[in-house]
1. Which of (1) more than 12 Å from A:Lys67 (Cα to Cα); (2) within 14 Å of another protein chain (Cβ to nearest Cβ) does A:Ile50 not meet, given it meets every other one?
2. Quick check on A:Lys42: is it among the basic types (Lys, Arg) and farther than 30 Å from B:Arg112 by Cα?
3. Going through the stretch A:17-47 one residue at a time, which ones are within 14 Å of chain B (Cβ to nearest Cβ), under 19 Å from A:Thr86 (Cα atoms) and assigned to a strand (DSSP E or B)?
4. Test A:Ser82 against the stated conditions and say whether it is surrounded by fewer than 21 Cβ atoms within 10 Å (Cβ to Cβ), more than 16 Å from A:Gly16 (Cα to Cα) and more than 12 Å from chain B (Cβ to nearest Cβ).
5. Step by step: first the residues of the stretch A:91-112, then only those that are modelled with pLDDT under 95 and in a strand (DSSP E or B), then the one that is farthest from the other protein chains (Cβ to nearest Cβ). Which residue is that?
6. Go through (1) buried (at least 18 other Cβ atoms within 10 Å of the Cβ); (2) without any contact (Cβ under 8 Å) to a residue 60 or more places away in the chain and name the single condition B:Lys41 misses.
7. Determine whether B:Phe67 is in contact with a Pro (Cβ under 9 Å, 6 or more places away or on another chain) and crowded, with 16+ Cβ neighbours inside 10 Å.
8. Quick test of your reading of the structure: B:Asn70 fulfils all but one of (1) within 12 Å of the chain's Cα centre (by Cα); (2) in contact (Cβ under 8 Å) with a residue 24 or more places away in the chain. Name the failing condition by number.
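The values are calculated or read from the model by the stated rules, or taken from the named source; none is laboratory data. Nothing here was measured: the structure is a model prediction, and the numbers come from that model. FYI the Cβ positions are ideal-geometry reconstructions off the backbone, even for glycines, and counts take in every protein chain you see.
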Amino acid sequence: QKEVEQNSGPLSVPEGAIASLNCTYSDRVSQSFFWYRQYSGKSPELIMSIYSNGDKEDGRFTAQLNKASQYVSLLIRDSQPSDSATYLCAVNQETSGSRLTFGEGTQLTVNP
Amino acid sequence: GAVVSQHPSWVICKSGTSVKIECRSLDFQATTMFWYRQFPKQSLMLMATSNEGSKATYEQGVEKDKFLINHASLTLSTLTVTSAHPEDSSFYICSARNGPVSQPQHFGDGTRLSIL
């Protein structure tokens, strides 16, 4: 089992739709969870951090965390073509010390 | 806030050359910096973690004599690829974190290294 797994892509949604990106992690004692966006040829950019169970909203983005299910998700409302990118889920697993464990990413395409 | 500057953006050089990449945190103090490499269509691969004033901790399989990391201050870390060869060609990205592990990492813009 991979330490951090993301739903396999690519994911394609029409403009204006909700894009749902999912991530599960293996280390039950993980405390810090992050979503990064990476455009092709660019470096990752932090979108959201989440630490507590429940929802956290920031503009069109909502991160959801369920520690009991070891599940974290990112919802993008009113998707725009500019949201087309690879989304990386990252988890700070206590067993990994100070490093982040990244999922392999989900490629999202928003079609105009 | 949390801006990380990485320089240079592109490097093209001959095989056998040593290349230095700089990573600076511009508006915060980076207690920990990280160096990653990424091949096309692949995920990030952590190379090493460095804390200011300490020796870097390298991931398994990463040659520390090949990839020299210096973290001399709270705002600057450097990665030197020594005697680079074509197989070292990759996208190198640094990140920086201020404070405990619960804080996010902020990434530089990356350096695209091409060895001829």
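1. It is condition (1) that A:Ile50 fails.
2. On the way: among the basic types (Lys, Arg): yes; farther than 30 Å from B:Arg112 by Cα: no.
Spelling it out, it is not the case that A:Lys42 is among the basic types (Lys, Arg) and farther than 30 Å from B:Arg112 by Cα.
3. Taking the stretch A:17-47 and keeping what is within 14 Å of chain B (Cβ to nearest Cβ), we get A:23, A:27, A:29-47.
This time we only want the ones that are under 19 Å from A:Thr86 (Cα atoms), so: A:23, A:33-47.
Of everything in the stretch A:17-47, those that are within 14 Å of chain B (Cβ to nearest Cβ), under 19 Å from A:Thr86 (Cα atoms) and assigned to a strand (DSSP E or B) turn out to be A:Cys23, A:Phe33, A:Phe34, A:Trp35, A:Tyr36, A:Arg37, A:Gln38, A:Glu45, A:Leu46, A:Ile47.
4. On the way: surrounded by fewer than 21 Cβ atoms within 10 Å (Cβ to Cβ): yes; more than 16 Å from A:Gly16 (Cα to Cα): no; more than 12 Å from chain B (Cβ to nearest Cβ): yes.
Judged against the criteria, A:Ser82 is not a match.
5. A:Val91
6. (1)
7. No; evaluated as a whole, the condition is false for this residue.
8. (2)
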